1. Return the calculated 222 nm mean residue ellipticity for the chain, to the nearest 500 deg cm²/dmol, obtained by summing -39500 (n - 2.57) across DSSP H runs with n ≥ 4 and dividing by the residue count.
2. Quick one: how many Å² of R84 are accessible to a 1.4 Å probe, rounded to 10?
3. Taking the Cα centre of the stretch 1-113 as the origin, how large is its charge dipole in debye, to the nearest 20, when only Lys and Arg (+1) and Asp and Glu (-1) carry charge on their Cβ atoms?
4. Over the alpha-carbon set of the stretch 4-49, work out the extent along each principal axis and list the three values in angstrom, largest first.
5. Write down the Å³ per residue value for the convex hull defined by the alpha carbon atoms of the chain.
6. Order the following by accessible area, largest value first: M19, M128, M110. Probe radius 1.4 Å; ligands, DNA and RNA are ignored.
7. Might you work out the accessible area of D12 for me, using a 1.4 Å probe with all protein chains in place, and round it to the nearest 10 Å²?
8. Sorting H6, H83 by accessible area (1.4 Å probe), largest first, what list results?
Amino acid sequence: MKPIGHWLNRTDKALTRAMNGVLSEYGLTRLDWQVLNVIRDTTPEATDSAVLSALAANADVLTLTASVDAVLTGGWAVRTAPHRLVLTPDGRCRLAAVTESVRAFRDLSMTGISADEYRTAVHVLQRMTHNAETAASPGTATAAPA
């Protein structure tokens with residue numbers, strides 16, 4: 001059996017490739033879509049730092065900044081002040097259509113996986129992440145192998 005790291009990497013790449021395919025008809029990438037969701041979900045308006053913080057695990061700062069620029073250039077969002085972002089009315093409408101396409105893709109990607117299996121997988125990954133981050137924290141001593 002391949003280790004979990006193999007499957008995590010392969011799954012993320014497969015999801016990104018497939019999502020990019022679904023989103024390409026809207027001129028978006030998976031990361032652009034994630035940026036739009038952070039902007040939409042942050043009220044009354046998002047900040048650049050909120051977007052960068054929310055998506056720090058997904059990409060580096062330069063890549064995230066490029067996605068913010070892409071959604072601005074595409075008319076999905078505007079700046080209401082320096083470092084402040086809000087969806088445009090057109091961007092909000094287009095995002096609703098994108099969300100339906102993403103929902104259909106998620107349903108397809110979940111074929112044969114029950115809601116309980118999905119929740120279990122997420123809980124296991126959360127615990128593994130916590131364990132790994134705790135072990136990697138400064139000041140955490142680990143026993144040397146005998």
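The values are calculated or read from the model by the stated rules, or taken from the named source; none is laboratory data. These numbers come from a predicted model, not from an experiment. Cβ sites come from the backbone with ideal geometry, for glycine too, and all protein chains shown count toward neighbours. These accessible areas exclude ligands, DNA and RNA; they are computed on the full protein's heavy atoms, side chains included. Shrake-Rupley method; radii C 1.70, N 1.55, O 1.52, S 1.80 Å.
1. -21500 deg cm²/dmol
2. Only protein atoms counted, so the area is about 90 Å².
3. Here the size comes out at about 300 debye.
4. 39, 27, 13
5. 162 Å³
6. The ranking, largest first, comes out as M128, M110, M19.
7. Accessible area of D12: about 80 Å².
8. So the residues, ranked largest to smallest area, are H83, H6.
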